[in-house]
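J.: Here it is, the structure in full.
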Amino acid sequence: MKICFATNNTKKIAEVKAALGPDFDIVSLEAIGCREELPETGNTLEANAFQKARYVKDHYGVDCFADDTGLEVDALAGAPGVYSGRFAGEPRSDERNISLLLEKMKGQTNRAARFKTVIALILDGKEYAFVGEAQGEILQERIGTGGFGYDPVFRPRGFEKTFAELSMEEKNAISHRGKAVKALADFLK
Ligand code: IMP
């Protein structure tokens with residue numbers, strides 16, 4: 001079964017391929033000839049994920065799924081949420097996003113936060129959504145060098161290490177995206 005994953009992020013594609021196994025031919029945007037940036041103007045993770053998936057289906061005619069992830073911080077009323085990628089403005093920068101987050105969290109005692117991933121799937125003309133969450137807290141400073149995005153300042157609940165200190169396998173087993181991908185894989189299989 002051939003399905004496009006609406007991303008060019010090779011780490012995400014590798015993760016999904018590992019979860020789905022050899023019966024699924026997962027292809028990137030580049031592989032279907034899509035080089036333009038996908039529209040992402042919704043106010044929710046789900047809206048953005050479906051916007052991207054529908055764009056690919058409408059313009060390239062292939063079954064596909066798209067993901068969108070956000071970090072929700074309780075003390076910031078759920079921010080940066082759907083704006084996590086461009087929290088500190090354009091061009092997007094993980095470094096500046098983390099600096100702004102730590103600045104806004106200075107003096108905050110409630111450090112609870114969660115990552116949330118929504119995967120939108122369009123298959124045989126029908127639409128499905130899969131969600132994964134990882135609860136945790138925002139640290140006072142960066143720890144660890146692995147991962148990407150906000151990983152160095154996010155410590156998952158029940159762990160002594162940040163996401164940036166875990167191996168890819170350890171992170172995938174408990175992460176928001178890992179859980180959403182597992183739900184997608186269980187459905188497709
Ligand atoms: P996207 O939806 O995957 O493009 O991610 C949106 C924002 O969340 C970007 O700033 C990413 O760096 C961040 N992000 C997504 N997934 C993760 C993760 O697993 N760890 C840390 N940050 C992430």
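The values are calculated or read from the model by the stated rules, or taken from the named source; none is laboratory data. If you're wondering where the values come from, they're calculated on a predicted model, not measured in any experiment. Cβ sites come from the backbone with ideal geometry, for glycine too, and all protein chains shown count toward neighbours. With ligands, DNA and RNA removed, areas are computed over all heavy atoms of the protein, side chains included. Shrake-Rupley method; radii C 1.70, N 1.55, O 1.52, S 1.80 Å.
J.: Which links in K11/K104; K2/K161; K2/K179; K52/K106; K126/K182 stretch past 26 Å when you go from one Cα to the other?
T.: Violating the 26 Å Cα-Cα cut-off are K11/K104; K2/K161; K52/K106.
J.: Shifting gears a bit: So what is the relative contact order of the chain, in percent, for Cα pairs below 8 Å that sit 6 or more residues apart?
T.: Over the chain, the number comes to 17 percent.
J.: With a 1.4 Å probe and every protein chain left in place, work out the accessible area per residue of region 40-87 in Å², rounded to a whole number.
T.: 41 Å²
J.: Carbon-plus-sulfur fraction of the accessible area of region 2-188, 1.4 Å probe, in percent?
T.: 49 percent
J.: When the chain is treated as a GNM, springs tying every alpha-carbon pair under 10 Å, which of K57, K116, K179 comes out with the largest mean-square fluctuation?
T.: The residue with the greatest mean-square fluctuation here is K57.
J.: Given a 10 angstrom Cα cut-off, can you work out which residue in Q140, Q51, Q108 is the most mobile in a GNM of the chain?
T.: Looking only at Q140, Q51, Q108, the largest GNM fluctuation is found for Q108.
J.: If I histogram all Cα-Cα distances within region 2-188 using bins 5 Å wide from 0, what percent of pairs lands in each bin?
T.: 1, 8, 16, 20, 20, 15, 10, 6, 2, 0, 0
J.: Further question: Nearest 5 is fine: what % of DSSP beta bridges in the chain come out antiparallel, could you say? Present the calculation step by step, with values, prior to reporting the outcome.
T.: Numbers: 27 of 32 bridges.
Percentage antiparallel, nearest 5: 85.
J.: A follow-up question, please. Determine the sum of side-chain charges near E127: Lys and Arg each +1, Asp and Glu each -1, restricted to other residues whose C-beta is under 14 angstrom from that of E127.
T.: 0
J.: Moving on to the next point. Note down the net charge around I26, summing +1 for each Lys or Arg and -1 for each Asp or Glu among other residues with Cβ under 14 Å from its Cβ.
T.: Its environment carries a net charge of -1.
J.: Let me ask something else. Which of the cysteines in the chain are isolated, no other cysteine C-beta under 4.7 Å?
T.: Lacking a cysteine Cβ partner under 4.7 Å: C34.
J.: Moving to a separate point now. Would you mind classifying region 16-83 by shape? Square roots of the alpha carbon gyration tensor eigenvalues, ordered a ≥ b ≥ c; an a/c under 1.5 is rounded, otherwise it is prolate if a/b is larger than b/c and oblate if not.
T.: Oblate, since a/c reaches 1.5 and b/c is not below a/b.
J.: Related question: Return the equivalent ellipsoid semi-axes of region 58-164 as a descending list in whole Å, where each equals the square root of 5 times an eigenvalue of the C-alpha gyration tensor.
T.: Each semi-axis is the square root of five times an eigenvalue, giving 29, 15, 13 Å.
J.: Further question: What angle do you read, to the nearest 10 degrees and between 0 and 90, between the alpha-carbon axis of helix 94-104 and the longest principal axis of the chain?
T.: 40 degrees
J.: Something else: Given the options D63, D23, D94, which has the most mean-square fluctuation in a GNM of the chain, springs set between C-alpha atoms less than 10 angstrom apart?
T.: The residue that fluctuates most here is D23.
J.: Ordered by residue, what ³J(HN,Hα) values in Hz, to whole numbers, does region 70-77 give under the Karplus form 6.51 cos²θ - 1.76 cosθ + 1.60, where θ = phi - 60° and Gly and Pro are x?
T.: For region 70-77, the Karplus-derived couplings read x, 9, 9, 10, 4, 5, 10, 6 Hz, x marking Gly and Pro.
J.: With runs of 4+ DSSP H residues as the only contributors, calculate the mean residue ellipticity of the chain at 222 nm using -39,500 (n - 2.57) per run, divided by the residue total and rounded to the nearest 500. Write down the numbers at each step before the final one.
T.: Details: 5 runs with 58 residues, N = 189.
Only helices count here, giving -9500 deg cm²/dmol.
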